[in-house]
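Heads up, the thing below is written out as structure tokens.
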Amino acid sequence: MNAPKAGSACATSQAADITRNPLGLLLWYGLPIAAILGAGHVLANPRWIGLIWAGAFVTMGGKCLTNARGCGRVHCYFTGPWFLLVAAASLLHGFAFQPDGPLSWSLIGTASGVGGAVLWCGSEAILGRYRRRPPST
């Protein structure tokens, strides 16, 4: 029986990690962030802004959760649900279920960025970069 090489599970995890692929980062995170930044400058209708922001945050949150499941990247277990929560806040604000005004869009945007950064850096500083999986038998 062959013993697995030391670190082989980690190498597999790293190969599946979308955050290590520049094209994947651009597609799954860069384009949604560009849509978020551009929507407020191009559109005046808060419903459209809310829909675009929600779609962008769902894209990023969904990809985070997929990445967490696929490679065990620790921060994705936290940022995925966070971005989905921000997507809900964007919809609520866009459809006037939250207080209106440009400050609220700024607050949602700032909270999403700061919260995402804190969850990313904090979770990996405490728990490591990848979740450890038991060896398969």
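The values are calculated or read from the model by the stated rules, or taken from the named source; none is laboratory data. Just so we're clear, the structure is a prediction, and the values are computed from it rather than from any experiment. When we count neighbours, we look across all protein chains shown, and the Cβ atoms used for this are built from the backbone with ideal geometry, even at glycine.
If you check residue 116 against the conditions, is it out of contact with any Asp or Glu (no Cβ under 9 Å at 6 or more places or on another chain), farther than 30 Å from residue 16 by Cβ, in a helix (DSSP H, G or I) and not β-branched (Val, Ile, Thr)?
Numbers: out of contact with any Asp or Glu (no Cβ under 9 Å at 6 or more places or on another chain): yes; farther than 30 Å from residue 16 by Cβ: no; in a helix (DSSP H, G or I): yes; not β-branched (Val, Ile, Thr): yes.
Answer is no for this residue.
Which one of 80, 61 is modelled with pLDDT of 95 or more, in contact with a Cys (Cβ under 7 Å, 6 or more places away or on another chain), closer than 28 Å to residue 129 by Cβ and not β-branched (Val, Ile, Thr)?
Criteria check complete, one pass: 80.
Considering only residues that are in contact (Cβ under 8 Å) with a residue 24 or more places away in the chain and not in a helix (DSSP H, G or I), look in region 45-76 and name the one that is surrounded by the fewest Cβ atoms within 10 Å (Cβ to Cβ).
Top of the filtered list is 72.
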